[in-house]
Amino acid sequence: MTTPPLHGIRIVELAGIGPGPFCGMMLADHGAEVIRIDRPGTSGIAAAALDPLLRSRRSIALDLKRPEAIAAVRRLAAGADGLIEGFRPGVMERLGLGPDILHADNPRLVYGRMTGWGQTGPMADQPGHDINYLAISGALDAFGRAGEKPTPPINMVADFGGGGMMLAFGMLAALLHAQRTGEGQVVDAAMTDGAALLMSMIWGFRAAGVWRGPRGTNLLDTGAHFYDTYETADGRYVAIGAIEPQFYTALRRVMALDDDRWSAQMNPAAWPALKDDLTAIFKTRSRAEWVAAFAGHEVCFAPVLDFDEAAADPHNRTRGTLVECGGVVQPAPAPRYSASTTVAPVMPGEREDATVLRDLGFDPAEIAALGH
């Protein structure tokens, strides 16, 4: 039997929304014991039971306006390896749970802070959401089609890629440092920083002169005819990513693109006209017919699947990319390991505050003082 790679790590998570819970989910998926502290009367059990972001950890409802609850959080943090919080800068300090206090209790503690703008800077105390952090990072201006307004890719880039996943990475780096040195520290994870970091390759393209035009006119932003989605005869879509010459040659072969003008693959001036032609050609067959036509050809082709289709897709089913837990279809833990397991998702059930607190070493009188 193998154990998850984070087995033995304990994290205290101050409940929040979006990127903070995603970080908690990632750590729990890979074996950390994550104990979430909810506010009383929030996150109803019914709603929580449907939220994959809250899976695989136990929770306690504590009223942080009460000194007994603050003392309980300090006690939990004193025995933990890490803590995650997503309040605006200064809130934890006003609660009496700032890094200085918790590090005095536990010098090894990794104190993870998830915010949109970061702990410092002129915007630090302002409200915001993914779209705002994406906007100021410079990334949002790159998303969209030519001649159209910027289009946010839902909230995947700032909230989850640049936020929760970046915090999870920072937590693990700081945990390794703490194990080596005994020194805890603060991880200041700002979604603006993370969203900007995810654009590193595009900044490199820009410096090299490869990314020259406005959005929707470049290699990877739907400017190129060989890197885009196309509607098929039945109103479905396919995705083409035939960048390298061998894949582009295969694309031409499958679609009988014999005219010499298709040879100008990397000439941006030719892209709009070639895209118009591909748009018309793809509409001559159904998506299933195009899937059959491209089968066995190395083109970098895939059908655009909806949620239900993705869950039923043979490749996804073989790998277990999506699983069902508690009646909720959701992504499985990732990545996979050769020598370790991940944690099979468990959806939140009935909260058992007293049981959790007892397991954490609180006696009956202390549990009663916390209102449980």
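The values are calculated or read from the model by the stated rules, or taken from the named source; none is laboratory data. Keep in mind that this is a model prediction, so the values were computed, not measured. Please note: Cβ atoms are built from the backbone with ideal geometry, for glycine as well, and neighbour counts cover all protein chains shown.
Couple of notes before you dig in:
- Residues of the range 89-136 that turn out to be charged (D, E, K, R) and either touching a Cys at 6+ places or on another chain (Cβ under 8 Å) or part of a loop (DSSP other than H, G, I, E, B) (or both), as a count: 2
- Complete set of residues in the range 324-372 that are assigned to a helix (DSSP H, G or I) and β-branched (Val, Ile, Thr): Thr355, Val356, Ile367
- Hits in the range 150-188 (condition: of a type in the set (S, T, N, Q) and out of contact with any helix residue (DSSP H, G or I) (no Cβ under 8 Å at 6 or more places or on another chain)): Thr151, Gln179, Thr181
- Taken together, Asp259, Asp308 contain a single residue that is exposed (fewer than 12 other Cβ atoms within 10 Å of the Cβ), of a type outside the set (Phe, Trp, Tyr) and within 23 Å of the chain's Cα centre (by Cα), which is Asp308.
- Sub-8 Å Cβ pairs linking a first residue in the range 1-30 that is under 19 Å from Leu109 (Cβ atoms) and in the same structural domain as Gly112 (by TED's automatic domain parsing) to a second residue that is polar (S, T, N, Q) and surrounded by 23 or more Cβ atoms within 10 Å (Cβ to Cβ), at least 6 apart or interchain, are Ala28/Ser56, ordered by first then second residue.
- Residue match in the range 240-262 (condition: within 30 Å of Pro19 (Cβ to Cβ) and out of contact with any helix residue (DSSP H, G or I) (no Cβ under 8 Å at 6 or more places or on another chain)): no
- Within the range 185-205, if we keep just the residues that are in a helix (DSSP H, G or I) and polar (S, T, N, Q), the residue that is surrounded by the fewest Cβ atoms within 10 Å (Cβ to Cβ) turns out to be Ser200.
- In the set (1) under 30 Å from Thr217 (Cα atoms); (2) of a type outside the set (Val, Ile, Thr); (3) out of contact with any helix residue (DSSP H, G or I) (no Cβ under 8 Å at 6 or more places or on another chain); (4) in a helix (DSSP H, G or I), the condition left unmet by Arg145 is number (4).
- The numbered conditions (1) part of a helix (DSSP H, G or I); (2) within 22 Å of Pro89 (Cα to Cα); (3) in contact with a strand residue (DSSP E or B) (Cβ under 9 Å, 6 or more places away or on another chain) are all true for Ala178 except (2).
- Top-ranked residue in the range 206-225 [being assigned to a loop (DSSP other than H, G, I, E, B) and of a type in the set (Lys, Arg); ranked as nearest to Met266 (Cα to Cα)]: Arg212
- Odd one out for Ala293 among (1) touching a residue at least 12 places away in the same chain (Cβ under 8 Å); (2) surrounded by fewer than 16 Cβ atoms within 10 Å (Cβ to Cβ); (3) over 24 Å from the mean Cα position of the chain (by Cα); (4) not in a helix (DSSP H, G or I): (4)
Residues checked against (1) among the basic types (Lys, Arg); (2) buried (at least 16 other Cβ atoms within 10 Å of the Cβ); (3) within 14 Å of Ala189 (Cα to Cα):
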site: Asp29; (1), (2), (3): no, yes, no
site: Ala48; (1), (2), (3): no, yes, no
site: Leu64; (1), (2), (3): no, yes, no
site: Ala77; (1), (2), (3): no, yes, no
site: Leu83; (1), (2), (3): no, yes, yes
site: Leu97; (1), (2), (3): no, yes, no
site: Pro107; (1), (2), (3): no, no, no
site: Met114; (1), (2), (3): no, yes, yes
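- Leading residue by the ranking (farthest from the chain's Cα centre (by Cα)) among those in the range 148-167 that are touching a residue at least 40 places away in the same chain (Cβ under 8 Å) and part of a helix (DSSP H, G or I): Leu167
- Filtered residue count, the range 78-130, keeping only those that are under 20 Å from Phe169 (Cβ atoms) and of a type outside the set (S, T, N, Q): 19
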